Amino acid sequence: MILTLQEGVLRFSKENQRIPWNRILEFGRHVFDKTRSPIDLKDKWRNIKKGAIPPLTVLTAKISCCIVKQ
């Protein structure tokens, strides 16, 4: 879910504009729980930006490491 959220933000947000949470929710509909709302995504993104969740590069490195080891 976190990777899809980060990918959606990178894909759909433009500098100095509001992030289109509805578009990101639609983009990740196959990953996000059906009960998720745009506000849920916004809250999750805020936590990621605060550092509560590792950034995309750290997550990607961890995933790559695990894939290679298997």
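Can you check what the net charge comes to around Glu26, using other residues whose Cβ is under 12 Å from the Cβ of Glu26 (Lys, Arg +1; Asp, Glu -1)?
Values: positive: Arg11, Arg23, Arg29, Arg36; negative: none.
Value of the local net charge: +4.
Exposure proxy check: Ser37, Ser13 ranked by fewest other beta carbons within 10 Å?
Details: Ser37 12, Ser13 16.
So the ranking, lowest neighbour count to highest, is Ser37, Ser13.
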So how much slack lies between Asp40 and Ile2, counting 0.36 nm per residue of separation and subtracting their Cα-Cα distance, in nm?
12.5 nm
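For Asp33 and Glu15 in one chain, what is 0.36 nm times their gap in residues minus the Cα-Cα distance, to one decimal in nm?
On the way: separation 18, 0.36 × 18 = 6.48 nm, distance 2.77 nm.
Working it through step by step, the gained length comes to 3.7 nm.
Read the figures in this text as sums done on the coordinates, not as results from a lab. Please read all numbers here as calculations on a predicted model, not as lab measurements. Every residue, glycine among them, receives a Cβ derived from its backbone with ideal geometry; neighbour counts consider all protein chains shown.
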